[in-house]
Amino acid sequence: MAEVLIVKSQEEAGEIYARAVVTALARNPQLVLGLATGSTPHAAYQALARRVKEDNLDVSRVQGFALDEYVGLDPEHPESYHSVIFREVVEPVGLNPDLIHVPHSDIDTLPHAGADYDAAIEAACGVDIQILGIGTDGHIGFNEPGSSLASPTRMKTLAEQTRLDNARFFNNDVNQVPMHCITQGVGTIMKAKHLVLLAFGKSKAQAVAASIEGPITAMCPASALQMHPHATFIVDEAAASELKQAEYYQWVARHKPQWQEL
Ligand code: PGA
């Protein structure tokens, strides 16, 4: 069973993520972080930035791999994931920009960009901690319902629901949201050593319940996390509101052995 932590606030979730990263960093200064965009990871990156500053941590050798990127958007566009990752993670946390990777989405390299990206992750010995959001349709990265649970990094067509959800980043105009993306596959994501999925708000409740308690199915890509040996869901009460076993998860979390880290 995936670990499920029900928290009071995004800030509390962020602190838990930051603690996991700081603990892992103490063991391995060349930590490889899997990075996600969207509104969800914001508090987590802020908490990490705070910890790095307060504890004067050396993150100069930390590598980062973004989950996905739009196709058809200039990397310098403010809403490209290249820009978002640099603005929201690399700069505040103080990561080394030379060690940050975002899938290449230019037309010339697209046919082999996915394979190249997976090879780069492998060459870095894999992602240590992958932060994930979840779409209202259960997607992780841009793996929409129906995506193979064994998929590699590849180009995909965005679901209409995702484009509608993301229109808020494009002047509320869905027509400005790109049609295509390149995304780490579910199979790629599942190779990360620790998956930390964050979800906040009522709009995520159904997807969270389907991921944790529903059948493992390509129709809910996040349900693949049930097969991961080290997956942690950190959700607020609203996002947990459709879980049938919420009390049990809270009981388990309260009785977690002290030696067991996140
Ligand atoms: P959000 O998106 O964090 O902006 O809600 C999550 C996702 O689509 O994976």
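Please treat every number below as a calculation from the coordinates, not as lab data. From a predicted model like this one, the values you see are computed outputs, not experimental measurements. FYI the Cβ positions are ideal-geometry reconstructions off the backbone, even for glycines, and counts take in every protein chain you see.
Taking the Cα centre of region 146-218 as origin, work out the dipole magnitude from +1 charges on Lys and Arg Cβ and -1 charges on Asp and Glu Cβ, in debye rounded to 20.
On the way: 8 positive and 4 negative charges, 46 e Å.
Approximately 220 debye in magnitude.
Using the Kyte-Doolittle scale, find the helices of the chain whose mean hydropathy is at least 0.5 and whose Cα atoms extend 24 Å or more along the helix's long axis, counting only whole DSSP H runs. List each step's numbers first, then the result.
Working: long enough: 10-27 (26 Å, 0.02).
Helix filter hits for the chain: none.
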Among 44, 136, 81 - extreme Cα towards positive end, dipole of region 37-142, charges at beta-carbon: 44
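Given the Cα atoms of region 1-91, and with Rh set as the inverse mean 1/r over their pairs in the Kirkwood sense, what is Rg to Rh to two decimals? Numbers along the way, then the final one.
Details: Rg = 14.1 Å, Rh = 14.2 Å.
For region 1-91, the value is 0.99.
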Largest-first principal axis extents of the Cα set of the chain (Å): 53, 40, 33
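Which of the three applies to region 69-169, rounded, prolate or oblate, going by the alpha-carbon gyration tensor with a ≥ b ≥ c and a/c under 1.5 meaning rounded? Write out the running numbers ahead of the final one.
Details: a/c = 1.36, a/b = 1.14, b/c = 1.19.
Note, shape of region 69-169 comes out rounded.
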Gyration tensor verdict on region 1-50 (Cα atoms; rounded if a/c is under 1.5, prolate if a/b is larger than b/c, oblate otherwise): prolate
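For region 41-88, what mean projected area does the convex hull of the alpha carbons give, in nm²?
On the way: hull surface 15.6 nm².
It is 3.9 nm².
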Sparse-neighbourhood loop sites, GluC sites (Glu not before Pro) in region 5-44 - DSSP loop, at most 13 other Cβ within 10 angstrom: none
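Pairs of alpha-carbon atoms within less than 8 angstrom and 6+ residues apart define the contacts here; what relative contact order does region 109-247 have, in percent?
On the way: 270 pairs, mean separation 40.9, N = 139.
It rounds to 29 percent for region 109-247.
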Region 130-177, Cα convex hull volume normalised per residue, Å³: 91 Å³
Cβ crowding within 10 Å averaged over residues, with 166-175, 48-57, 68-77 ranked highest first: 68-77, 48-57, 166-175
Mean Cα-pair separation over length for the chain, i.e. relative contact order, pairs under 8 Å, 6 or more apart, %: 24 percent
Total lysine pairs under 26 Å (Cα atoms) in region 3-255, excluding pairs fewer than 8 apart on one chain: 12
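Report, in debye and to the nearest 20, how large the dipole of the chain comes out about its Cα centre when Lys and Arg carry +1 and Asp and Glu carry -1 on their Cβ. Provide the component values of the computation, followed by the final result.
Values: 19 positive and 32 negative charges, 149 e Å.
Using Cβ point charges on Lys, Arg, Asp and Glu, the chain gives about 720 debye.
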Distant-in-sequence amide H partners of residue 132 (H built 1.01 Å from N, under 5 Å): 196, 197, 198
